[in-house]
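Throughout, read-outs are computed from the coordinates displayed, never taken from laboratory work. These numbers were taken from a predicted model, which means no experiment stands behind them. Cβ sites come from the backbone with ideal geometry, for glycine too, and all protein chains shown count toward neighbours.
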Amino acid sequence: MSIEQGTFVQKYDLLGCIQCGRCTGGCPVTVRTPLNVRRFVNDAMDDERLEELSGKPEIWDCTTCNNCSLRCPKGLDPFEVLLGLRSMKAEDGNIEPTARDALESMFNNGNPWGRPAAMRCDWMKDIEGIENVRILEEGGKADVLIHTCCTACYDPRIMPLARNLVRVLEAAGVDYGFIGEEEKHCGSEARRLGEEGLFEYFDEENTELFGKYDVNRIVCLSPHCFNSFKNEYQNIPVPVHHYTELVAGLIEDKKLEFSKEIGAQVVFHDPCYLGKKNNIFDEPRYILSQMPGVETAEFFRSKERSLCCEGGGGKMWVESESKEQRLAETRIMDAKDLGAKIVAVSCPFCLLTLEDALKVKGLEEEMRVADILELLGEAL
């Protein structure tokens, strides 16, 4: 693939890099993969090397956790260079079959999981105590428009999160509505897998779709959807929030009360796309602190220093070639050392990766991984 002279350098402001190496020093996956972010940034200044660099498997090890951006003294986003190299491979169609299939499904079905749009609302069936989930018609009014997240719509393990969110909304008397079968992927993982054009398509489609409803705010179940709508879309007409922001407000306003005890020590794992990308640290902890019988603990690496689970950056569809212990496994062992019985999360990807790590470590009898929405369902 030919690159116009200097385009890459200008797009990613590579001349602003002072080669201090803090990006590589802060990158969590360098402990288990050959990825060296600083070196990629340096080498990408040479247009003639871009094709060679785009063929290196390490560009797919990046989880886009934002550590490199937070550490950069020049305010750059070094991981974006790796996404640019990925886009070169995606343009050529030369990417992992699992990633290619996910991208094709995003375009054809509106989700990366290869499932038909007609099944997008199947999760709404048989919700405890709820006869009908409110789906807005075009022009419909509501205070809160909920964006469900593809994973919650189709993955049986994640569906309970969406169901419990409905129970919370109903219990608190929130004026809410869902989109229904027309709901589409946010495009976040399309961009992380290198398909900028597909991301722009979802930006246009979703912005038009959201504009069909008379709502005051959009609330997302996934931090990845939340980040895309809030920070990467161009013309979203209303404020965008993560569900933990909504729930924390409901508890503070005394609109949500709990009747059952959790009765366990809980440690919260900060999702990268909620914390390090959007500075939402307090709300999840506040929710947990208000649940009866919850004793909270903190990871040594928490908040801005939280250890990535390796679920972001398209990593759900691209396996690392490294055989070293995954970061999610390290996270589970950290929780074990703390004596925690529950690792709480607020992201579908974190739930899946950490729960898989729990099984790999054979610790299912000692602790469990649960999204805050699951704990809310147990406490209602």
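Residues with beta-carbon under 11 Å from that of Gly312, excluding Gly312: net charge, scoring Lys, Arg +1 and Asp, Glu -1? Spelling it out: positives minus negatives among the neighbours equals +2. Under the convention that each Lys and Arg Cβ holds +1 and each Asp and Glu Cβ holds -1, the size of the dipole of the range 258-379 around its Cα centre is about 260 debye.
Here the calculated FRET efficiency for Leu70 and Glu365, from their Cβ-Cβ distance with R0 = 35 Å, stands at 0.45, rounded to the nearest 0.05. This model, with +1 at the C-beta of Lys and Arg and -1 at the C-beta of Asp and Glu, gives the chain a dipole about its Cα centre of some 1040 debye. Annotation: peptides 250-262, 340-352, 271-283, ranked by per-residue average of other Cβ atoms within 10 Å with the highest first, follow the order 340-352, 271-283, 250-262. What FRET efficiency comes out for Lys125 versus Ala171 if R0 is 22 angstrom and r is the Cβ-Cβ distance? Round to the nearest 0.05. Rounded to the nearest 0.05, the efficiency is 0.70.
If you take every residue apart from Ile372 with its C-beta less than 11 Å away from the C-beta of Ile372, what net charge results, scoring Lys and Arg +1 and Asp and Glu -1? Once positives and negatives cancel, what remains is -3. Listed by Cβ neighbour count within 10 Å, with the fewest neighbours leading, Arg192, Arg163, Arg305 appear as Arg305, Arg163, Arg192.
Basic side chains Lys and Arg get +1 at the Cβ, acidic Asp and Glu get -1 at the Cβ, and with that the dipole of the range 100-250 about its Cα centre reaches some 420 debye. By the Cα gyration tensor, the chain has an equivalent ellipsoid whose semi-axes, rounded to whole angstrom, run 34, 26, 18 from largest to smallest.
Think of the range 26-175 as a dipole: +1 on every Lys or Arg Cβ, -1 on every Asp or Glu Cβ, centred on the Cα centre; then among Val29, Gly114, Asn132, Val29 lies furthest on the positive end. Computed from the C-beta positions of Lys254 and Asp46 and an R0 of 56 Å, the FRET efficiency is 0.40 to the nearest 0.05.
For Glu137, project a label point 7 Å along Cα to C-beta. Then give me every residue of the range 156-195 with its amide nitrogen under 19 Å of that point. It comes to 176-183, nothing else. Taking the range 258-379 as the region of interest, the number of lysine pairs whose Cα atoms are within less than 26 Å, with members eight or more places apart or on different chains, is 24.
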